[in-house]
Amino acid sequence: MIVANWKCNGSKIMIQDWISKFKETYVTSNNSYIGIAPSYIHIEHLSNNLKANSLDITYGVQNIDLSSGARTSAISLEMVQDMSCNFSIIGHSEMRIIFGETNENISEKLDLIAKSLDVILCIGESAEENINNQTREILKQQLEVINGRDLSQSFTIAYEPVWAIGTGKTPTPNQINDIHKFIKDVVQSSTVNNIVPKVLYGGSVNENNAQSFFNEDYVDGALIGGASLNGNSFAKIVNIFNGVN
Ligand code: PEP
């Protein structure tokens, strides 16, 4: 599973260019779920262009709001479903840090969407927490939002150390593997149906380091920011994941 998080980037021209570059490089394979989370405003343009180019890429949103009505600037579950989005990212560190999203907000969002959309829940420790060896403790706290839930197999976690996002720094593949195993164990023991979720790694993944992460047993794919903005680079990473590079 490889998912692009375009954040607050993109334009209609960028999308056209992205698709032609993606097609130049992508080797068709049925191996993986490929997703893109564009800005809300570009969802329709992206979906029309994916369809016109017969690309089997799904799309979703980077966040979702709790309800509809008098909530200026918000996007509701009904709107997301109306645009045929398949998934929502929730709990991204930029939402937590810039927009003050709390575990409580994330839990309410899970109540709302977990049965309706594929969910990619982002968790990750800060640089300071990492240096102080608090990674597991912090992840466990962030994972409290899934306690006692009955989650479907389309529930996915993205492990994104905050200090690795957009910095060019990453944990070692082995460290990532250990943390992913830990996350799977915590989710399995916290959910009523004991699901073992897919765990994606996110944080400075690019075409040069992707293979080293995908070699690891507990890495089920990647959530990619910066390197996903170029169709060639993103396609290369998908090809690496699919073993067709
Ligand atoms: C992200 O913000 O989800 C992310 C993984 O960003 P980048 O790949 O740019 O580190």
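Of everything in the stretch 179-200 that is charged (D, E, K, R) and closer than 15 Å to GLY221 by Cα, the residue that is surrounded by the most Cβ atoms within 10 Å (Cβ to Cβ) is LYS198. Screening the candidates GLY225, GLY202 for the property of being of a type outside the set (Ser, Thr, Tyr), in contact with a strand residue (DSSP E or B) (Cβ under 9 Å, 6 or more places away or on another chain) and more than 15 Å from THR172 (Cα to Cα) yields one hit, GLY225. For the residues LEU66, LEU55, the requirement of being more than 16 Å from the ligand (Cβ to nearest atom) and either farther than 20 Å from PHE241 by Cβ or not hydrophobic (A, V, I, L, M, F, W, C) (or both) singles out LEU66. Scanning the stretch 47-55 for any residue that is within 26 Å of TYR159 (Cα to Cα) and touching a strand residue (DSSP E or B) at 6+ places or on another chain (Cβ under 9 Å) turns up nothing.
Here ASN174 fulfils each of the conditions (1) closer than 22 Å to PHE87 by Cα; (2) open to solvent by 40 Å² or more (accessible area, probe 1.4 Å); (3) more than 14 Å from the chain's Cα centre (by Cα) apart from (1).
Scan the stretch 69-79 and tell me whether some residue there is within 16 Å of the ligand (Cβ to nearest atom) and surrounded by 18 or more Cβ atoms within 10 Å (Cβ to Cβ). The answer is no; no qualifying residue exists. Check whether at least one residue in the stretch 164-174 is of a type in the set (A, V, I, L, M, F, W, C) and more than 10 Å from the ligand (Cβ to nearest atom), and report yes or no. Checking the stretch 164-174: not a single residue is of a type in the set (A, V, I, L, M, F, W, C) and more than 10 Å from the ligand (Cβ to nearest atom). Among the residues of the stretch 1-14, the one identified as β-branched (Val, Ile, Thr) and surrounded by fewer than 20 Cβ atoms within 10 Å (Cβ to Cβ) is ILE13. Among the residues making up the stretch 83-125, those that are in a loop (DSSP other than H, G, I, E, B), open to solvent by 50 Å² or more (accessible area, probe 1.4 Å) and in contact with a Leu (Cβ under 9 Å, 6 or more places away or on another chain) are ASN86, SER116. When the residues of the stretch 24-63 are narrowed to those that are in a helix (DSSP H, G or I) and β-branched (Val, Ile, Thr), which ends up most open to solvent (accessible area, probe 1.4 Å)? Per the criteria, the residue is ILE41. Close contacts from the stretch 191-206, counting a first residue that is at positive phi and in a loop (DSSP other than H, G, I, E, B) and a second that is open to solvent by 10 Å² or more (accessible area, probe 1.4 Å) and away from the ligand (no atom under 16 Å from the Cβ), with Cβ to Cβ under 6 Å and a gap of 6+ residues or different chains, come to ASN194/GLN188. Within the stretch 135-151, does at least one residue satisfy the condition of being closer than 24 Å to THR25 by Cβ and touching an Asp or Glu at 6+ places or on another chain (Cβ under 8 Å)? Taking every residue of the stretch 135-151 in turn, none turns out to be closer than 24 Å to THR25 by Cβ and touching an Asp or Glu at 6+ places or on another chain (Cβ under 8 Å). So, GLU160, is that one in contact (Cβ under 8 Å) with a residue 40 or more places away in the chain and charged (D, E, K, R) or not? When the stated conditions are applied, GLU160 passes them.
The values are calculated or read from the model by the stated rules, or taken from the named source; none is laboratory data. Since we're looking at a predicted model, the values are computed, not measured. A quick note on method: Cβ atoms are made from the backbone with ideal geometry, for glycine too, and the neighbour counts reach across all protein chains shown. Each accessible area value is taken on the protein alone, full model and side chains, heavy atoms only, with ligands, DNA and RNA left out. Shrake-Rupley method; radii C 1.70, N 1.55, O 1.52, S 1.80 Å.
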